[in-house]
Amino acid sequence: MSQPIHSLHWSEHGNQPWPEPAPRRVYCDAALCTALTLDLPPLSAPQLNQALRWAAEEHLAGSAEHDHVVAGPRDDQGRLRALVISAAAMEDLTAGWPDDRGPDVLLPDALCLPWQPGQLSLAEVAGKVLARWDEWAFGSFEPELAAELLTQFEDLAWHWYGGQVPAVLASHAMQVVSAPTDSEPLLAHLDASAAALELNLLTGPWASAAQRRGRHQWRWVAGLAFALLLALTLHQGVENHLLQRQSAELQTQIDQQFATLFPGVAPAGRHRQLAEREWARLQFGQAAGLLDLLAQVTPVMRALSLDVQALNYRDGRLDLAVRAADVATLDDLEQRLRSLGLNAALQSASLDDQGASGQLQVSVGGSG
């Protein structure tokens with residue numbers, strides 16, 4: 001619950017925050033902050049953080065090196081609104097806050113006064129007058145100074161949102177929205193406006209515990225997502241490697257089988273088209289029984305590491321021109337085919353420096 005307005009304490013320099021009103025939200029003296037409107041294009045968060053301080057320095061009397069600059073929302077013309085507060089003030093404001101239960105949001109009090117065009121919003125806290133006369137124009141003043149500065153807003157409708165009306169302002173006509181000594185409505189007004197602001201002074205080195213926990217959790221989530229992505233990438237890479245290896249092995253088998261069936265024909269990746277063309281070259285009825293015969297002959301030739309140089313099939317008889325390491329291998333081929341029940345006859349054989357060549361006729365048993 002919010003504390004009564006009369007119990008709020010401000011330091012001598014007005015740099016102590018209000019006690020926490022709504023859950024984890026506090027307000028500081030608006031006199032500590034300077035409101036700026038900057039001509040900065042849309043930038044990523046890291047780029048904006050780098051550009052903010054130097055863009056703000058052009059509007060300040062001194063260097064912004066020791067200032068804390070916070071980006072706010074953009075106005076209707078796309079210009080960036082920002083708040084500037086000294087780093088020393090931020091240290092004073094946050095000193096003593098517990099790391100695990102400090103507030104989540106810190107805002108200048110006068111900026112959170114309700115406001116609409118044609119209105120001057122006012123309130124009093126600890127002897128100071130809070131004023132807001134535009135969407136991004138506000139301040140916190142001693143009563144005498146406020147009486148002098150606010151004369152320029154005589155044409156606006158004055159609204160009073162809480163606190164004791166100073167004697168120097170008592171003669172001015174104003175609409176009292178909240179009772180002078182009632183703090184709860186004033187804090188409720190501030191909370192309602194603060195909830196709609198896209199702004200928080202607790203950023204950077206002064207980020208709240210909740211923000212730090214959120215960043216830590218997002219870093220953990222990002223790390224886990226990266227690990228999962230890496231694992232998926234590695235798995236996909238291994239799977240692709242295995243598929244490529246299997247594809248290469250299958251292609252080798254296809255090339256070997258094609259070379260056995262069609263010696264002397266270079267497929268060049270067109271195995272199916274060339275196979276259909278070669279089969280088409282056979283006369284109608286000539287290919288009957290060829291596949292069955294090759295299914296018996298091919299394993300034997302492969303086991304003996306024979307090289308088929310030519311193949312011809314006609315009238316149920318297969319003529320093969322083969323090369324082997326020696327003539328004994330050709331004889332062995334003939335004997336193995338006969339053991340399968342085939343009619344096999346080695347027609348001729350010759351020997352040269354590269355091995356032995358032979359002409360072999362094969363047919364199914366009983367035809368020959």
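Points worth noting:
- Each of 79, 132 was scored by other Cβ atoms within 10 Å of its Cβ. Arranged with the fewest first, they read 79, 132.
- Within the shell defined by Cβ-Cβ distances under 13 Å, the residues around residue 350 carry a net charge of -2, with Lys and Arg each +1 and Asp and Glu each -1.
- A straight chain from residue 314 to residue 350 at 0.36 nm per residue would run longer than the Cα-Cα distance by 10.5 nm.
- Here the calculated FRET efficiency for residue 170 and residue 137, from their Cβ-Cβ distance with R0 = 35 Å, stands at 0.90, rounded to the nearest 0.05.
- Using a simple spin-label model with pseudo-atoms 7 Å out from Cα toward Cβ, residue 116 and residue 77 lie 2.5 nm apart.
- Computed FRET value (nearest 0.05) for residue 257 with residue 224, which takes r as the C-beta separation and R₀ as 56 Å: 0.70
Bear in mind that the values in this text are calculations on the coordinates, not laboratory data. Please read all numbers here as calculations on a predicted model, not as lab measurements. Backbone-built Cβ (ideal geometry, glycine too); neighbour counts: all protein chains shown.
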